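J.: I am attaching a structure below and will ask some questions about it afterwards.
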Amino acid sequence: MAIGQSVKRKEDARFLTGRGVYTDDINRPGQLHAVIVRSPLPHARIAGIDAGETLAAEGVVAVFTGADMAADGVGSLPCGWLIHNKDGSEMVEPPHPPLVAERVRHVGDQVAVVIAETRAQAKRAAQLLDVDYEDLDAVVSCADATEDGAPLVWDEAPGNTCYDWELGDREATDAAFERAAQVVELDLVNNRLVPNAMEPRAAIGEYDPAGGNYTLTTTSQAPHVVRLLMGAFVLNLPEHKLRVVAPDVGGGFGSKIFHYAEEAIVTWAAGKLARPVKWTAERSESFVSDAHGRDHVSHAELAVDEQGQFLGLRVRTVANMGAYLSTFATSIPTYLYATLLAGCYRTPAIYCEVRSVFTNTVPVDAYRGAGRPEAAYLLERLVDKAARQLGIDRIELRRRNFIPKDAFPYATPVALEYDTGDYEATLDLALSQADWDGFESRREEAAARGKLRGIGASTYVEACGIAPSAVAGALGARAGLYESAVVRVHPTGSVSVLTGSHSHGQGHETTFAQIVADRLGVDIDAVEVVHGDTEIIPFGMGTYGSRSLAVGGSALFKALDKVVAKGKKIAAHMLEAAADDIEFADGQFKVAGTESSVALDEVAFAAYVPHDYPIEELEPGLEETAFYDPANFTFPAGCHICEVEIDPETGAVELVGVTVADDVGRVINPMIVEGQIHGGLAQGIGQALLENCVYDENGQLLTSSFMNYAMPRAADLPSFDVGHHVTPCTHNPLGVKGVGEVGSIGVPPAVINAVLDALAPLGVGDIEMPATPERVWRAIRDARAAG
Amino acid sequence: MQDFALHRPTSAAAAVETCRGCDEGRYLAGGQSLIPMMKLDLALPSDLVSLAGIAELSGIRREGETLTIGAAETHAAVAESAEVAGAIPALAGLAARIGDAQVRNRGTLGGSIAHADPAADYPAALLALGAAIVTDRREIEAESFFAGPYETALEAGELIRAARFPIPEAAAYAKFPQPASKFALVGVFLARTAEGVRVAVTGAATTVFRADAIEQALERSFEASALDGLEIPPDGLTDNLDASAEYRAHLIGAMTRRALTAI
């Protein structure tokens, strides 16, 4: 039941039998229901709000507007990462009030909250709210926002620019281009996505007038972060008077990291009304209020010499921030994107400039991969294009430029130091599993059936567990990036783990228990992993960026070390030996070289019933806390290979093979790791073939439901062939790297490279994500017309 | 969703009678379209008259060269019916590919055609097969039943009892699904009958329609080569986020060829 075994998930019994407790499952006595009145317009001045009819409607208890919150001194939802412009000045950071009072800036913007005895009453009354809007011109796309004379989302942001940032050595990169034998250029769009967690967001605010205590129950990936941000910056509540609980959460993919307006609204309203206030998003609301993902427009150039060695990479990206800066929005197209542009390659000079812009759209923030999928897509598309342009085999070109496995630690020209990796190994494994060499016969066989078959690969590297805090802080992060854990060994030897990580699908209750079982030699069922309640767990940063095992697991490992160290002292006393002579293995403290031993549960009992105990030197109890601040990021990497068949008549792309070989470091639970990879692949394939968030030119969201926003379904996907090659992380005690996002990072370029491989014989050189049937059909038709 | 009263009559006559007495009454069959519309306040019925307990609306039977399917038969029942598979296998195949398993287990033939979604599958079959819609008061030819998007020839309170399909010599349905909704981006139902070739297209325009030019070409020669050089103009076809009119026009040809191959 220990590390490396596919233990079945402990949490699944409750999930699969419908006994999970999600925020919307919770109801409090006297609870009221909130419905948010949202802007139907992308950009408008609020000339007036008449709440008369709404207040008169049956069951309505209150209507609050932005003016009410402002009058109460409610602050702005903070942005957690300050980015500096090229000239050293700070980014434009406009206010982000939970309810807007003057100007709405995207469809779905929060204008008012209607609170009633029932949800139906609140909903009906909300429809009666009379908001007088004065329409303003809107900007929607990156291209629109950067045009001369474009309408301004924020008066204080000329050119709609939030920041104009750069990374890398411009001069060295320009010099590399001057030496280049060839330059490969590519224009790319990284399509905007809607996260669509299965569970919509929800929040319940409570206020206890007796003690002046507030409780927020919310669908969060990071309850302590929400408590800190909301308490300190928005509602002015100290931590000891504010409890934030994130119970079972049905998927997040990044979209539930952020502190959202609705959390502040229900907490504040609960205080105003001294009754619990609950809000649950409808799916239509999720589409216009959950932070979206991606939305980059980039121009990339690669300088190469005659042998195909990469000399330099120059990238210019415009990133859409939406109307407001969501919690971590600003870090995504900068420190989580441009820093990954070296990829697996030894490119000596890289320069990237990123202009991020405001538009009249939903805020854009981290979504599974968060910046790294954008980097991997750009680079891996560019490498394939370079191979075609240079007439070098695309696998061979990658091999020529890989950072060799003996070159680690390797400092890239874009601020990272990769600690370890073996890119040839994952490439070779994937090539052999996918039978890459046998592809041509499959292409011919497909051609005989009238199908265009293609194969494509990507070799990616990514970065998990942003670290260390000091470096992140120097780069503008306004938070620490450590994690915490408490290991509480109970008197009879069972164990509770209190973790600052949060599980919302990742299986921590199992994986973390495996780490404990492995280290302490206890049965996995004797371990309970507790997360999500700021009253119970130590201050921790939550779960995102594939950080939980690498950072939270390492904190747990450190706490276990402390438990063992204390246990040795207790055992030494019990066994009448020196602590230095005590060894601990398989749950037994043993005097080295003897048969004299005492079990963990006996040591725990002695710790809590200290009748015969070294009380002079040692406190009773067996509970330890550890905080872990990593020395570096971890760097999962791998190779993803996709094989497609295209029906040239309709343009339909069928994904017929997905083979991946990932190096996610040491694997604790292979089944959970495989499940994480499957989920990430499904989302990455969704981006490549199906999903696309589309606004019309006036700022209305066209893909506003599952009727026209295409989510991947099981039937859209083949069985995945998942392989591993492990190079353990060198700087954390478990040797783990992180797995949650590798699927969505590595696979989109592999899909598109396969599509382009299928279409290359027709002369098609480019296609945008998602590669929908119509886009593919048009590409084929246009290529044929061009002859 | 607006509050409504639910009625559960046990006969068709009682259902019609109940609906007549309602302010804004709607029949509720499988609820796979009506209930989502109510949730979005796109339909605001005062009363729902459930058809779930009315045995006389069910039943699939073949009499001579006619197949009659009760309005309350679910898509799953039609898909699995040996009677349908024997008489018009293309119809069973069509039903088997409507929506998803949940929709097929709840949604009904009558509900689908009364709703008349411009991208629904059944209307193409009814039109191509020259079916008749049997209501509580008359029979309506499919030709004059589908009047526009979500519009039919049904009068207020008129209840569909069954659809009556003449059994063709051969038929096939080819659908290109819209990736998100799985409704037909373009669906082509092709039937060869004693009276001639009939081709009905769904999903491509505001309502199901017969493709005259294709029918004429296939009358001359019932094989794919008859379509060579036949240009299907995009004029009048739906042009939206899901697909351009041009692509839909192309898919009409492609799906017709696919249906021909399947026949």
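Read the figures in this text as sums done on the coordinates, not as results from a lab. These numbers were taken from a predicted model, which means no experiment stands behind them. So basically every Cβ, Gly included, is an ideal-geometry build from the backbone, and we count neighbours across all protein chains shown.
J.: How big is D for region B:148-263, in µm² s⁻¹ as a whole number, if Stokes-Einstein is applied with the Kirkwood radius of its Cα pairs at 37 °C and 0.692 mPa s?
T.: The Stokes-Einstein estimate is 217 µm²/s.
J.: DSSP loop (so not H, G, I, E, B), at most 15 other Cβ within 10 Å: list which trypsin sites (Lys or Arg not before Pro) in region A:80-155 pass both filters.
T.: A:Lys86
J.: Tell me which of A:Ile745, A:Phe605, A:Gly293 sits at the most positive position along the dipole axis of the protein assembly as shown, charges placed on C-beta atoms (Lys, Arg +1; Asp, Glu -1).
T.: It is A:Phe605.
J.: While we're looking at this one, here's another question. Please give every one of the lysines within straight-line cross-link reach of A:Lys566, meaning a C-alpha to C-alpha distance under 19 Å, and leave out same-chain neighbours fewer than 8 residues apart.
T.: List returned: A:Lys558, A:Lys590.
J.: Chymotrypsin sites (Phe, Trp or Tyr not before Pro), restricted to region B:207-263: which are DSSP loop and have at most 16 other Cβ atoms within 10 Å?
T.: Sparse-neighbourhood loop chymotrypsin sites (Phe, Trp or Tyr not before Pro): B:Phe222.
J.: Testing the spin-label approximation: label points 7 Å from Cα along Cα→Cβ at A:Gln700 and B:Ala170. State their distance in nm.
T.: 4.6 nm
J.: What spacing in nm lies between the two simple spin-label points modelled at A:Glu768 and B:Phe222, each 7 Å away from Cα in the Cβ direction?
T.: About 4.5 nm, to one decimal.
J.: Sticking with this structure for a sec: Quick one: check the C-alpha center-to-center distance for region A:1-73 versus region A:683-708, whole angstrom.
T.: Taking the Cα centre of each part, region A:1-73 and region A:683-708 sit 24 Å apart.
J.: Next up: Give me Rg over Rh for chain B, both radii from the alpha carbons and Rh done the Kirkwood way, two decimal places.
T.: 0.97
J.: Can I ask one more? Which entries of A:Lys10/A:Lys562; A:Lys10/A:Lys241; A:Lys241/A:Lys278; A:Lys405/A:Lys568 show an alpha-carbon separation above 29 angstrom in the structure shown?
T.: A:Lys10/A:Lys241; A:Lys405/A:Lys568
J.: Separation of region B:1-67 and region A:543-617 by C-alpha centroid, Å?
T.: 69 Å
J.: Same structure, new question: For chain A, what does the helix formula give at 222 nm: sum of -39500 (n - 2.57) over DSSP H segments with n ≥ 4, over the residue count, nearest 500 deg cm²/dmol?
T.: Here the helix-only value at 222 nm equals -8000 deg cm²/dmol.
J.: What lysines sit close enough to A:Lys451 to cross-link, taking a C-alpha to C-alpha distance under 20 Å and skipping anything fewer than 8 places away on the same chain?
T.: Cα-Cα hits under 20 Å: B:Lys175.
J.: Let me ask something else. In region A:575-660, what GluC sites (Glu not before Pro) fall in a loop by DSSP, with at most 12 other Cβ atoms inside 10 Å?
T.: A:Glu576, A:Glu595, A:Glu616, A:Glu617
J.: Say a paramagnetic label sat at a point 7 Å from the Cα of A:Asp50, along Cα to Cβ; which residues of region A:126-155 have their backbone N under 20 Å from it?
T.: So the set is A:126-135.
J.: Here's something else I'd like to know. Does chain A come out rounded, prolate or oblate, given a ≥ b ≥ c as the square roots of the eigenvalues of its C-alpha gyration tensor, rounded meaning a/c under 1.5 and, failing that, prolate meaning a/b above b/c?
T.: Oblate, because a/c is 1.5 or more while a/b does not exceed b/c.
J.: I've got another one for you. Using a 7 Å offset from the Cα along the Cα-to-Cβ direction at both A:Asp435 and A:Ala70, what is the distance between the two label points in nm, to one decimal?
T.: Distance between the two pseudo-spin positions: 6.7 nm.
J.: If you don't mind, another one. Quickly estimate the mean residue ellipticity at 222 nm for chain B, helices only: each DSSP H run with n ≥ 4 gives -39500 (n - 2.57), and the total goes over all residues, rounded to 500.
T.: Rounded to the nearest 500, the figure is -8500 deg cm²/dmol.
J.: Work from the charge dipole of region A:482-628 (Cβ charges, +1 for Lys and Arg, -1 for Asp and Glu, about the Cα centre) and give the residue of A:Thr511, A:Ser548, A:Ser596 farthest towards its positive end.
T.: So the residue furthest toward the plus end is A:Ser548.
J.: Additional query: Suppose R0 equals 41 Å; then what is the FRET efficiency for A:Asp137 and A:Arg478 from their Cβ-Cβ distance, rounded to the nearest 0.05?
T.: According to the calculation, E is roughly 0.80.
J.: By how many nm would the segment from A:Ala120 to A:Arg316 lengthen if fully extended, with 0.36 nm per residue of separation less the alpha-carbon distance?
T.: 65.7 nm
J.: Need the list of aspartates and glutamates near A:Lys272 for cross-linking: C-alpha distance under 14 angstrom, and skip anything on the same chain fewer than eight residues off.
T.: A:Asp68, A:Asp72, A:Glu206, A:Asp208
J.: With 10 angstrom as the radius, rank A:Met91, A:Met321, A:Met711, B:Met255 by how many other C-beta atoms surround their C-beta, starting from the fewest.
T.: The fewest-first ordering by Cβ neighbours comes to A:Met711, A:Met91, B:Met255, A:Met321.
J.: Report the calculated FRET efficiency for A:Ala585 and A:Lys241 (r = Cβ-Cβ distance, R0 = 56 Å), to the nearest 0.05.
T.: Efficiency, rounded to the nearest 0.05: 0.75.
J.: Using only the Cα atoms, work out Rg/Rh for region A:482-628, with Rh taken as the Kirkwood radius, to two decimals.
T.: That ratio is 1.00, to two decimals.
J.: Give me the extension gain from A:Ala785 to A:Ala714: residue separation times 0.36 nm, minus the current Cα-Cα distance, reported in nm with one decimal.
T.: Separation in residues times 0.36 nm, less the Cα-Cα distance, equals 22.0 nm.
J.: Can you work out the FRET efficiency for the pair A:Ser89 and A:Ala210, with r the C-beta to C-beta distance and R0 = 51 Å, to the nearest 0.05?
T.: For R0 = 51 Å, the calculated efficiency reads 0.55.
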